[in-house]
Amino acid sequence: MSSNEYYQQNLKKIIFIIAILVSGGFITMFSETVLTPALPTIMAETNVSTNVAQWLTTGFILVSAIMIPLTAFFINRFPTRRLFMGAMSLFAFGCLLCAISPNFIVILLGRFFQAAGAGMMMPLCQTVVLILVPIAKRGTAMGIIGLVMALAPAIGPTLAGWVIDVMGWHIMFYIITALSVLDIVLAGLVLENVIETSHPQLDLPSVILSSIGLAAFLYGCTAAGDIGLLHIIPWLFILLGVAASAVFVKRQFNLREPFLDLRILRYPRFTIATIIAMIVNAALISGAVMLPIFMQNIQGFSAMQSGLAMLPGAICMAIMNVVSGRIFDKYGPRGLALIGLSLLTLSAGAFVLMHPGTPFALICVIYTMRMVGVSMAMMPITTWGLNAISNKRMAHGTAINNTLRQVAGSIGTTFFVAIMTSFASLRPNDDYITANLYGIHISFAVITLFCLASLVLSFIYVRQPKNDGVIKLKKQRA
């Protein structure tokens, strides 16, 4: 039976399966930003400093990043239902620990458990969807996943802030725990094992190298953003991460059964799509960091006002992910990629022209245009790249894509913020606003160049094959 025939005959069942997966993805991604409004209260209750409290966010990012490559092994080793329920159980246990936590250590431990479950969810969701859904319908399905990726982190701080103000942050985690348990129960009733499993051997040295490489590198980037690129500590961690990652990569190409099949990067289409997605994610995250700095430090807006300026863009991005998916299924990725990356490039260029008197409404419009551009480019190009991979290797493809996008986001944030602060320091005779505005302008100018580079890559390489399916490479081993 072909994938199209299976899809048509089991459409209702597939919709239920995707709904379970997407709801799990939404809950876990929602939790990534849900703690932000509670940090001041937690700091006061547990008597910890800002630097210590920040580990509730930094630790979550590091652990979830480490779990992404492991997910490729888990997907091929364990049945889909058991893996999903296991990941959600880890996450729910972490939420419960946070809810009942008597001190900061227990809260941090709970966040680590949450991150362990959350890190597996997005690669798992993408892999299952791409296997269940035929190529002609994958754009719409991936668009729904993109909606979750955009909407959950966007509404997390706002909704959590309201709950925390009314009932306290402990209640917030009790609510998330209950939702997680409900999703686990539904998964037990509805979810089926849709991925063919095997018995791959876990290569422990690869796990250690991958974990050290990602954790050290991402922590180095985070530390560079906190204490600056001129300090030796970030560079020590970054170099350790690069060295461990280099050994990891070499080992994967030498293993007969690699822990993470990096040979997929020999597929030109997948590699180009991943590079473009990395640039887009770096521009997206770094812009989301610098815009509040501009609005609060240069224009004098409050944190809430800067958040409101970004909210319409997040909502439009969520909606456009679904619309872009449907367009992708009908017309392919090229038009979406070119229009989306053009909007992203133009909006980045527009931020170069911002000044202290730039109207609030205009900032909203430019940022919304930026997010619409991301929604038209990110998921369609990612889907186009993953369509070049056979179902047998799909778990490795989604893991590689998600890992590299997360790494690019961390590098981009550190790099562009460092540009901003470095160029601001070159104007010692200017007042604070003028010097920092100069740094922000230069940083957005560099972002514009990177976005333009991704647009050129898309113009040259992004095509819709006449018979869209797995690209066979010459001399490619089965």
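The values are calculated or read from the model by the stated rules, or taken from the named source; none is laboratory data. Computed from a predicted structure; not experimentally measured. Cβ placement follows ideal geometry from the backbone for every residue including glycine, while neighbour counts extend to all protein chains displayed. Heads up: the accessible areas ignore ligands, DNA and RNA and are worked out on the full protein's heavy atoms, side chains in. Shrake-Rupley method; radii C 1.70, N 1.55, O 1.52, S 1.80 Å.
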Item to check | Farthest positive-ward along the chain dipole, Cα basis, beta-carbon charges - from ILE440, PRO153, ALA19 | outcome: ALA19
Next on the checklist: Report the Cα centroid-to-centroid distance between the stretch 175-246 and the stretch 100-167 in angstrom, as an integer.
Outcome noted: 15 Å
Checklist entry - For semi-axes √(5λ) of the Cα gyration tensor in Å, the listed values are [x] 36, 28, 21; [y] 33, 27, 23; [z] 44, 24, 20; which was obtained by calculation from the structure presented? => result [y]
Checklist entry - Expressed in nm to one decimal, what extension gain is obtained for the pair VAL166 and ILE319 from 0.36 nm per residue of sequence separation less their Cα-Cα distance? => result 52.2 nm
Checklist entry - For the chain, what is the relative contact order in percent, using Cα pairs closer than 8 Å and at least 6 residues apart in sequence? => result 20 percent
Item to check | Nonlocal Lys pairs with alpha-carbon distance under 18 Å, the chain (8 or more apart, or different chains) | outcome: 6
Checklist outcome for this item: Measure of exposure for PHE74: accessible area at 1.4 Å probe, Å² rounded to 10, is 40 Å²
Checklist entry - Any idea of the accessible area per residue across the chain, 1.4 Å probe, to the nearest Å²? => result 44 Å²
Item to check | Cβ charges +1 (Lys, Arg) and -1 (Asp, Glu), total dipole of the chain, debye | outcome: 1940 debye
Checklist outcome for this item: For the chain, whose charge dipole is built from +1 on Lys and Arg Cβ atoms and -1 on Asp and Glu Cβ atoms, the candidate among ILE66, LEU56, SER206 with its Cα farthest towards the positive end is SER206
Checklist entry - Carbon and sulfur together cover what percent of the accessible area of the chain at a 1.4 Å probe radius? => result 69 percent
Next on the checklist: How large is the accessible surface of LYS12 in square angstrom, using a 1.4 angstrom probe and rounding to the nearest 10?
Outcome noted: 150 Å²
Checklist entry - What order do HIS231, HIS199 take when sorted by accessible area (1.4 Å probe), most exposed first? => result HIS199, HIS231
Item to check | Positive-end residue of PHE237, VAL249, ILE227, charge dipole of the stretch 190-283 with Cβ unit charges | outcome: VAL249
Next on the checklist: Distance between the C-alpha centers of the stretch 421-449 and the stretch 268-309? Whole Å please.
Outcome noted: 17 Å
Next on the checklist: Quick check: residue separation of TYR432 and PHE360 times 0.36 nm, minus the Cα distance between them. What number comes out in nm?
Outcome noted: 23.8 nm
Checklist entry - ARG251 accessible area, nearest 10 Å², 1.4 Å probe? => result 80 Å²
